[in-house]
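Visitor: Handing you this structure, nothing more for now.
The values are calculated or read from the model by the stated rules, or taken from the named source; none is laboratory data. No experiment lies behind these values; they were computed from the predicted model shown. Here the Cβ is made from the backbone with ideal geometry for all residues, glycine too, and neighbour counts use every protein chain on show.
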Amino acid sequence: MAAGPSAWMRAARRAMARLPSLRMTRTPDAPALPVRDPWPGDPVRGAALLKGELEVGGVTARLRPGSFIDASENALPRAVAHGFTWLRDLRALGTDAARVRARALVTDWIASGAADPLAQRPDVAGARIAAWLGHYDFFAASADDGFRQKLMARLVSDARSLAAALPAEELDARALTAVKGLIAASVALPEHAAFLTRAMRVLPQEIARQILPDGSHCERSPAQLLAALQDLTEIRALLQAAQAPPPALLPNAIERMAPALRALRHGDGGLALFNGSKEETPALIELVLTQAGRAGRAPGTLGDDGFQRLQAGRSVLIADCGVPAPPKLDRLAHAGTLSFELSIGRERLIVNCGAAPAAGPEWREATRATAAHSTLVIADTNSSELRDHGLGRRPEKVEAHRQEANGAHWLEASHDGWKRSFGAIHRRRLYMSETGEDIRGEDAIEAASPMPYTIRFHLHPAVNASLQQDGEAVLLRLPSGGGWRLRADGVRMSLDESVYLGGPEPRRAEQVVLTGFADAPQQVKWAITKVG
């Protein structure tokens, strides 16, 4: 199929941008204004980079002299490598060896890594421009003239190509990273006024399209909401440095996004594990919220993306009660509709398995499956059809109704993800008492004939689980010693193996599995209650 006129124009602009400039403009010796990267690095990862090891999402990629990174690596590690955000890890290490290593890797990338087409994808180029400028004082200011001239020439060239590529074809959070890189270039290279003009033309439309009225992100991913808020707070700081007035949508979006991000945090400060998210570092999340400048309590409902937060006493329950992200925004979408997670204080009890975006296709598909989430599964079939770059069949109607009284919460939700496959509707009811110590649920299937089903409760790896002798309950012990009991009637209860991918490394875990009987009612009542 022929490319549309917008794609053709974008390709033509990029081709023109690669041509030598007709103006006799001289490559600057250094950035005219400093650009600061505000985010902390990890010195442990920095030490690994000294050995050529780049850790991305639990997978280690090799940075090799002569080829920079092997083209056979998965797209995500390659994109991260070409984006250079890991310079902050070398900066955190802070040694002369780290500074020399940073220069060597930049030199190697200019010589060989730039040939990878992925390196010129707008979000990757934007991340790299912002990273090089944000760490210029660390690795380049004291370098020799030859290095700095090559660096600045490449920065100008990449910024020109990026300006020609905007608006980016990627309709998701990656477009904000591209815009951020171009604004960083406009701050550091004020003689290129067209960079800022192009960025300010694209930024308002990206904010309007990506940030929903409730402050959530169009991809319905806590991790992407965090990334988008990081980019927008950086953009705001860059515009302030350039003394350029921000578009009216920018401060309003940041103000809305901060409470939405708070709603998707557990008691330990990390993110809930929905749609490609990992826990992330609580300190980083707190820093992003501080930069955003918005305080206040987390809302209970994110009405536009459908997440529900039930909180009472020390308990926090976060449930996915929304329609999956639409096509072209569903690259990270999981088949986890109506799944939930539960934390007690700073300890996670019930979880989803998490995500493995940098792993092979088998792992990525397994973690996106309905069975990797704490919810009901009919006939071992996903509630959404998983495809390589998004979803096929998916729930079209997801409803949620919530009530609160005297500190207690009731939530009723349903979805039709299995309607086409089996003519079935899944209904889930959740209750949390005013103390947060009594949580009850009911899962029901509405279908013309009985359906084989299982209900899974994935446990955090730190939880110790033991099946009681009557087979109708599991005792759950948290690291702090607190005990909880999960009970259910009319089903077979078992403890099976699971895996947890929410943290820095994969960890073994367990799951409680409730298996329905074919001749029994298609309805299960269960409860999670505090012991003692």
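Visitor: With A159, A163 as the choices, which residue is touching a residue at least 60 places away in the same chain (Cβ under 8 Å), in contact with a His (Cβ under 9 Å, 6 or more places away or on another chain), in the same structural domain as P31 (by TED's automatic domain parsing) and crowded, with 18+ Cβ neighbours inside 10 Å?
Guide: Step by step, each of A159, A163 is checked, and only A163 is touching a residue at least 60 places away in the same chain (Cβ under 8 Å), in contact with a His (Cβ under 9 Å, 6 or more places away or on another chain), in the same structural domain as P31 (by TED's automatic domain parsing) and crowded, with 18+ Cβ neighbours inside 10 Å.
Visitor: Return the only residue of V524, V499, V474 being within 29 Å of the chain's Cα centre (by Cα), assigned to a strand (DSSP E or B) and either buried (at least 21 other Cβ atoms within 10 Å of the Cβ) or among the aliphatic types (A, V, I, L, M) (or both).
Guide: The unique qualifying residue is V499.
Visitor: Then there's this: Taking region 40-68, which residues are farther than 12 Å from V80 by Cα and polar (S, T, N, Q)?
Guide: S67
Results for (1) without any contact (Cβ under 8 Å) to a residue 60 or more places away in the chain; (2) part of a strand (DSSP E or B); (3) among the small types (G, A, S); (4) surrounded by fewer than 16 Cβ atoms within 10 Å (Cβ to Cβ), shown as yes or no for each residue.
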| position | (1), (2), (3), (4) |
| --- | --- |
| L273 | no, no, no, no |
| G276 | no, no, yes, no |
| L287 | no, no, no, no |
| Q291 | no, no, no, no |
| R297 | yes, no, no, yes |
| L310 | no, yes, no, no |
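Visitor: Among the residues in region 72-84, are any closer than 29 Å to R236 by Cβ, assigned to a loop (DSSP other than H, G, I, E, B) and at pLDDT 95 or above?
Guide: Yes, some residue in region 72-84 is closer than 29 Å to R236 by Cβ, assigned to a loop (DSSP other than H, G, I, E, B) and at pLDDT 95 or above.
Visitor: Let me ask something else about it. So R201 passes all but one of these: (1) surrounded by fewer than 22 Cβ atoms within 10 Å (Cβ to Cβ); (2) within 29 Å of P28 (Cβ to Cβ); (3) out of contact with any Leu (no Cβ under 9 Å at 6 or more places or on another chain). Which condition number does it fail?
Guide: Looking at each condition in turn, R201 falls short on (3).
Visitor: For V44, which of the numbered conditions (1) surrounded by 15 or more Cβ atoms within 10 Å (Cβ to Cβ); (2) under 23 Å from the mean Cα position of the chain (by Cα); (3) of a type outside the set (F, W, Y) fails to hold?
Guide: Going through the list (1) surrounded by 15 or more Cβ atoms within 10 Å (Cβ to Cβ); (2) under 23 Å from the mean Cα position of the chain (by Cα); (3) of a type outside the set (F, W, Y), V44 breaks only (1).
Visitor: For A462, all conditions in the list (1) within 29 Å of G503 (Cβ to Cβ); (2) assigned to a strand (DSSP E or B) hold save one; what is the number of the exception?
Guide: Only one criterion in (1) within 29 Å of G503 (Cβ to Cβ); (2) assigned to a strand (DSSP E or B) is unmet by A462, namely (2).
Visitor: If you don't mind, there's one more thing I want to ask. If you check V316, V323, which single one turns out to be touching a Pro at 6+ places or on another chain (Cβ under 7 Å), β-branched (V, I, T), under 22 Å from G441 (Cβ atoms) and not in a helix (DSSP H, G or I)?
Guide: One residue alone meets the criteria, V323.
Visitor: Looking only at region 207-227, count how many residues are farther than 20 Å from G390 by Cβ and buried (at least 24 other Cβ atoms within 10 Å of the Cβ).
Guide: 2
Visitor: Here is a list: A444, A448, A462. Which entry is in contact with a Lys or Arg (Cβ under 7 Å, 6 or more places away or on another chain) and either in the same structural domain as S383 (by TED's automatic domain parsing) or not charged (D, E, K, R) (or both)?
Guide: Exactly one of A444, A448, A462 is in contact with a Lys or Arg (Cβ under 7 Å, 6 or more places away or on another chain) and either in the same structural domain as S383 (by TED's automatic domain parsing) or not charged (D, E, K, R) (or both), namely A444.
Visitor: A further question on this structure: Any idea which of T107, T85 is in contact (Cβ under 8 Å) with a residue 12 or more places away in the chain and under 28 Å from the mean Cα position of the chain (by Cα)?
Guide: The conditions single out T85.
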